[in-house]
Amino acid sequence: MYLTTLKAYVAEQLQHHDLFIYPEGGRSYSGELKSYKTGLLHAAMQAGVADLLIVPAAISYDVVLEDRAIASQGVKRRQRPFTRELAEMVGLAVGYHSRSFTVFGQAIRVSTYDADSRRDALDLAHAIREATGRLVKVLPTALVAMPCGRR
């Protein structure tokens, strides 16, 4: 039932709007690309939208707010109350400055892949991941932090 509802929702959204998804299901704290999840991608492929395009995008950043919170926590021992987490984030946000760079790649036509093939969904996911990987900007903070993070 969940899968049917998800596919119907994605199809309805794509009939009227653009859909922005994170195919890796989240972001890694090291900056590396995670393995792609293909559920939403496959649902989009099966939505029946003519001329559906996927635009790969990469967002590179110096520092994000939660980096400070994670560093101060060390290893997360247990779940803390939401209000305490929120208060900590607000405290860390005071005086916070960063920059980010968003780069968009060349659109990929979904119509060149078979919407009913799981193999084609995986092939499309790999094509998107490869295109996204070529777009990522390596920033100076990442170059400095990489040797510090290795043990």
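The values are calculated or read from the model by the stated rules, or taken from the named source; none is laboratory data. Quick caveat, the model's predicted, so the values are computed rather than measured. Virtual Cβ from ideal backbone geometry, glycine too; neighbours counted across all protein chains shown. Please note that ligands, DNA and RNA were not included when accessible areas were found on the heavy atoms of the full protein model with its side chains. Shrake-Rupley method; radii C 1.70, N 1.55, O 1.52, S 1.80 Å.
Close Cβ contacts (under 6 Å, 6 or more residues apart or on different chains) running from residues in region 100-120 that are in a helix (DSSP H, G or I) to residues that are not basic (Lys, Arg) comprise 110/45; 110/52; 120/113; 120/114. Can you pull out the residues in region 18-47 that are at pLDDT 90 or above and surrounded by fewer than 17 Cβ atoms within 10 Å (Cβ to Cβ)? Answer for region 18-47, where residues must be at pLDDT 90 or above and surrounded by fewer than 17 Cβ atoms within 10 Å (Cβ to Cβ): just 46.
Of all the criteria given as (1) among the aliphatic types (A, V, I, L, M); (2) at pLDDT below 65; (3) in contact with a helix residue (DSSP H, G or I) (Cβ under 8 Å, 6 or more places away or on another chain); (4) within 24 Å of residue 136 (Cα to Cα), the one not satisfied by residue 69 is (4).
For region 123-151, which positions are over 17 Å from residue 104 (Cβ atoms), modelled with pLDDT of 90 or more and not small (Gly, Ala, Ser)? Within region 123-151, 123, 124, 126 qualify.
Looking across region 125-140, the residues that are surrounded by fewer than 17 Cβ atoms within 10 Å (Cβ to Cβ) and either in contact with a Cys (Cβ under 6 Å, 6 or more places away or on another chain) or not charged (D, E, K, R) (or both) come down to 126, 127, 133, 136, 138, 140. Scanning region 101-126 for residues that are among the polar types (S, T, N, Q) and under 19 Å from residue 34 (Cβ atoms) yields a single hit, 102.
Any idea how many residues of region 88-112 are modelled with pLDDT of 90 or more and open to solvent by 80 Å² or more (accessible area, probe 1.4 Å)?
Let us first name the residues in region 88-112 that are modelled with pLDDT of 90 or more, namely 102-112.
Among the residues that remain, those that are also open to solvent by 80 Å² or more (accessible area, probe 1.4 Å) are: 104, 106, 109, 111-112.
Going through region 88-112 one residue at a time, the tally reaches 5.
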